[in-house]
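See below for the structure under consideration.
The values are calculated or read from the model by the stated rules, or taken from the named source; none is laboratory data. Keep in mind that this is a model prediction, so the values were computed, not measured. Positions of Cβ are backbone-derived with ideal geometry, glycine not excepted, and every protein chain shown enters the neighbour counts.
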Number of protein chains: 2
Amino acid sequence: MQRMKAKITDVAKMAGVSIATVSHVMNGTRYVSENTRKKVEKAIKALDYSPNISARSFKTGRRNLIGYVAPDIGNRFFALILEEIEDTLSLHGYNLVVVNTREDYDREIAGLKLLTSGIADGIIIASTFQNYAEMQPYLPAGFPVVQIDRLPAGYVGDSVRVSTFAAVKAAVSDLIAEGYTRIGYIASIGRLSSTVERDRGYRQALEEAGIPLDPDLIMQGDARSRSGYDCMKKLVDAGVNAVFISNSVMASGAMSYLDNCGMQIGRDIQVVSMRDYEWHRFQKEAVRTIEQPAKEMARLAAQQVVERIENPQLPGRETILRATYHKDGM
Amino acid sequence: MQRMKAKITDVAKMAGVSIATVSHVMNGTRYVSENTRKKVEKAIKALDYSPNISARSFKTGRRNLIGYVAPDIGNRFFALILEEIEDTLSLHGYNLVVVNTREDYDREIAGLKLLTSGIADGIIIASTFQNYAEMQPYLPAGFPVVQIDRLPAGYVGDSVRVSTFAAVKAAVSDLIAEGYTRIGYIASIGRLSSTVERDRGYRQALEEAGIPLDPDLIMQGDARSRSGYDCMKKLVDAGVNAVFISNSVMASGAMSYLDNCGMQIGRDIQVVSMRDYEWHRFQKEAVRTIEQPAKEMARLAAQQVVERIENPQLPGRETILRATYHKDGM
DNA sequence: GATTTTTTGTTAAACGTTTACTTTATAAGT
DNA sequence: ACTTATAAAGTAAACGTTTAACAAAAAATC
């Protein structure tokens with residue numbers, strides 16, 4: 001026979017006190033004399049009692065659960081963020097519910113509906129939507145949200161992201177200063193805030209150096225490795241001696257092509273890529289990289305959503321971190 | 001002014017029916033005439049009503065949340081499993097709560113306590129505990145649990161794991177057949193079921209070929225890259241011409257050493273490693289690998305926990321998948 | 001036309017907590 | 001000794017659903 005899980009009334013009965021006292025002992029919401037507290041704690045232990053979280057959540061309206069809505073947790077970048085969010089939240093007594101949207105609008109909407117309907121106390125989201133207007137209907141007014149990595153246009157409120165503009169510009173300017181003039185660019189798809197900045201960085205570096213934009217050196221990739229390979233091929237044919245690749249997955253494909261045709265990075269061509277957290281093997285190569293402080297971003301986002309939950313009056317905060325440019329490999 | 005979120009009574013009032021009818025319309029738990037259903041649905045839409053999940057969970061005891069307790073979600077292997085579990089669960093209407101234990105016993109216990117106290121309907125766990133007895137106290141009898149990847153000794157119940165014994169043995173036997181006799185082995189730490197099998201595979205292959213075990217060729221690593229590097233160094237000094245590395249992280253370090261001293265894999269030395277999902281770059285190298293069907297394992301575990309929840313009477317199932325040996329690189 | 005069955009809805013009692021309000025006992029102030 | 005303040009704990013009303021038990025109306029059966 002499997003005995004029923006003990007409830008607060010059982011504890012109260014055993015300890016000879018009221019359920020209110022038991023509750024207060026557990027939550028520390030009221031002073032309870034040393035003596036009775038001891039009794040209650042003993043009963044709790046004896047009955048192996050733990051409160052019914054559902055009942056508590058129902059009553060208090062707090063669930064101590066935060067939703068993380070990510071476009072692709074298979075991507076090392078978002079996985080790293082996931083890990084760090086989980087870690088930070090657990091420090092604050094929160095747990096993490098994960099929704100993987102796979103860059104799909106419907107999945108994102110479903111996730112938002114779900115999380116805001118009473119599952120989570122707050123949400124950290126790297127949205128696939130480019131405009132806030134599209135997601136706003138699914139976020140109840142005042143619901144704690146922190147946008148991470150990407151910032152949908154028109155959004156006002158808490159957000160944490162990394163500005164890559166300066167780092168990209170520095171990297172390209174650096175190439176120019178070293179005498180490279182035919183600098184290719186493999187762009188990533190989308191008009192996400194995170195990718196638009198890289199565009200600006202590349203363009204502005206050239207502009208400031210007085211180098212005209214050459215459309216033949218700008219390739220539009222689709223964020224997949226194969227596409228990086230193909231774009232690199234075209235750029236090599238177009239005679240570039242340096243290239244900036246806006247996405248690490250494409251960089252893998254691009255470097256694969258360079259490898260195939262015997263071009264050595266750092267000698268025959270310069271490569272600047274977003275730094276990835278996946279291919280440690282690149283360490284040895286002379287790839288220049290732009291690193292986003294993913295962990296710190298995640299940590300801040302987690303802290304921010306907790307603060308928002310605990311103090312809804314707080315004004316919205318926009319936190320911007322800076323990417324760093326590494327010239328000497330990864 | 002921010003108006004209150006609508007509740008079931010508001011919907012009932014607006015539609016001119018009882019709250020019971022509204023509930024039945026939402027859950028399809030009883031036939032409701034076309035006419036009244038329409039009215040209710042209209043009211044739901046008009047009020048933008050969605051049920052309070054906490055209240056529902058509290059009442060029904062179901063939360064539609066599954067816990068995933070993993071030792072290291074920063075590890076690509078467990079991240080991949082996480083991704084696939086999330087995907088499969090969402091198909092069945094469940095969401096995922098993640099607990100990252102970082103191979104820490106206390107964190108695992110805390111996670112189990114939490115998840116079983118009313119957060120989750122079931123758990124999928126890759127436990128750090130080697131003996132089930134150590135974790136059993138934190139799992140209420142009858143609580144739906146599926147052990148994944150690792151099988152604590154003494155556990156009887158649902159589990160999904162990959163047997164690497166045959167593949168490891170095949171790989172080592174293959175090396176022997178090709179004439180390699182000084183085959184090193186870099187072991188991973190711990191007595192986890194998953195690592196013990198690799199041990200057995202290596203030993204048995206040698207035994208069957210009549211090759212005596214040479215303790216000098218067996219290195220005990222600590223599952224970190226640095227350790228792989230050091231062990232490899234010793235093995236090279238000991239004059240191995242082939243090596244089996246029980247852990248992909250250590251393999252990275254080991255190969256790094258081989259690289260450093262100019263040894264080419266496939267020519268100067270043969271390397272068999274657990275196949276990793278991280279270093280795609282290895283593809284080009286002549287590394288032989290042993291692949292675990294992580295995704296399938298995850299999918300099955302997710303299905304299994306759902307089935308267990310929906311049918312608690314089901315007998316426990318132990319699902320064993322087979323790792324595959326790839327001779328021709330990754 | 002009376003009885004039974006089916007269809008469609010309603011009523012009200014849970015579920016296990018938290019917490020505002022009330023009570024009792026004890027100490028302090030006059 | 002009487003009131004007043006303080007300390008410690010108890011009472012009971014929520015919270016928003018689901019669902020068993022019940023009721024009324026309509027349809028079917030005799």
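Across region B:23-41, what is the total count of residues that are more than 7 Å from DNA strand D (Cβ to nearest atom) and within 44 Å of the chain's Cα centre (by Cα)?
First, the residues of region B:23-41 that are more than 7 Å from DNA strand D (Cβ to nearest atom): B:25, B:28, B:30-41.
So of that shortlist, the ones also within 44 Å of the chain's Cα centre (by Cα) come out as B:25, B:28, B:30-32, B:37, B:40-41.
Within region B:23-41, residues that are more than 7 Å from DNA strand D (Cβ to nearest atom) and within 44 Å of the chain's Cα centre (by Cα) number 8.
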- request: Scan B:Gln220, B:Gln264 and give me the residue that is under 16 Å from B:Arg288 (Cα atoms), without any contact (Cβ under 8 Å) to a residue 40 or more places away in the chain and either among the polar types (S, T, N, Q) or touching a Ser or Thr at 6+ places or on another chain (Cβ under 6 Å) (or both).
  value: B:Gln264
- prompt: Going by the conditions given, is A:Asp276 assigned to a loop (DSSP other than H, G, I, E, B), modelled with pLDDT under 90 and within 24 Å of A:Glu83 (Cα to Cα)?
  reply: yes
query: Any residue at all in region A:77-84 that is surrounded by fewer than 19 Cβ atoms within 10 Å (Cβ to Cβ), acidic (Asp, Glu), within 13 Å of another protein chain (Cβ to nearest Cβ) and away from DNA strand D (no atom under 16 Å from the Cβ)?
result: no
- prompt: Filtering region A:85-129 down to residues that are in contact (Cβ under 8 Å) with a residue 24 or more places away in the chain, crowded, with 21+ Cβ neighbours inside 10 Å and among the charged types (D, E, K, R), which residue is farthest from the other protein chains (Cβ to nearest Cβ)?
  reply: A:Glu108
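Just to verify a result, which residue in region A:58-73, among those that are in contact (Cβ under 8 Å) with a residue 12 or more places away in the chain and not hydrophobic (A, V, I, L, M, F, W, C), is nearest to the other protein chains (Cβ to nearest Cβ)? Before the answer, list the steps.
Let us first name the residues in region A:58-73 that are in contact (Cβ under 8 Å) with a residue 12 or more places away in the chain, namely A:62-73.
The next check asks that each one be not hydrophobic (A, V, I, L, M, F, W, C); those that pass are A:62-64, A:67-68, A:71-72.
Working: A:Arg62: 9, A:Arg63: 7, A:Asn64: 9, A:Gly67: 9, A:Tyr68: 8, A:Pro71: 12, A:Asp72: 8 Å.
For region A:58-73, the residue satisfying everything is A:Arg63.
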query: What pairs can you find where one residue is in region A:23-37 and closer than 14 Å to A:Pro51 by Cα, the other is more than 9 Å from DNA strand C (Cβ to nearest atom), and their Cβ atoms are less than 7 Å apart, with a gap of 6+ or different chains?
result: A:His24/A:Val32; A:Val25/A:Val32; A:Val25/A:Arg37; A:Val25/A:Val40; A:Val25/A:Glu41
Failed criterion for B:Asp48 (all others in (1) more than 10 Å from DNA strand D (Cβ to nearest atom); (2) more than 26 Å from A:Gly142 (Cα to Cα) hold): (2)
query: Can you name the condition, by its number, that A:Ser159 falls short on among (1) modelled with pLDDT of 95 or more; (2) under 15 Å from A:Val243 (Cα atoms); (3) among the hydroxyl-bearing types (Ser, Thr, Tyr)?
result: (2)
statement: Note: among B:Asp222, B:Asp199, B:Asp237, just one is of a type in the set (D, E, K, R) and over 29 Å from B:Leu151 (Cβ atoms), namely B:Asp237
message: Return the residues of region B:157-215 that are assigned to a loop (DSSP other than H, G, I, E, B), surrounded by fewer than 18 Cβ atoms within 10 Å (Cβ to Cβ) and within 32 Å of the chain's Cα centre (by Cα); say none if nothing qualifies.
response: B:Gly157, B:Ile189, B:Gly190, B:Arg191
- line: Screening B:Thr128, B:Thr164, B:Thr181, B:Thr195 for residues that are of a type in the set (Val, Ile, Thr) and within 30 Å of A:Ile119 (Cβ to Cβ) leaves only B:Thr128
task: Just name the residue that is surrounded by the fewest Cβ atoms within 10 Å (Cβ to Cβ) out of those in region A:1-22 that are in contact (Cβ under 8 Å) with a residue 24 or more places away in the chain and away from DNA strand C (no atom under 11 Å from the Cβ).
output: A:Met14
- request: From the list A:Leu217, A:Leu258, pick out the single residue that is among the hydrophobic types (A, V, I, L, M, F, W, C) and farther than 27 Å from A:Arg150 by Cα.
  value: A:Leu258
statement: Residues of region B:153-179 being small (Gly, Ala, Ser) and farther than 18 Å from B:Tyr325 by Cα, in sequence order, are B:Ala153, B:Gly154, B:Gly157, B:Ser159, B:Gly179
task: Say whether the condition of being within 30 Å of B:Val97 (Cα to Cα), assigned by TED's automatic domain parsing to the domain that holds B:Val145 and of a type in the set (D, E, K, R) is met by at least one residue in region B:298-307.
output: yes
query: If you go through region B:130-151, how many residues are outside any helix (DSSP H, G or I) and either in contact (Cβ under 8 Å) with a residue 40 or more places away in the chain or away from chain A (no Cβ under 14 Å) (or both)?
result: 11
message: Among the residues in region A:7-30, are any in a helix (DSSP H, G or I), more than 14 Å from chain B (Cβ to nearest Cβ) and among the charged types (D, E, K, R)?
response: yes
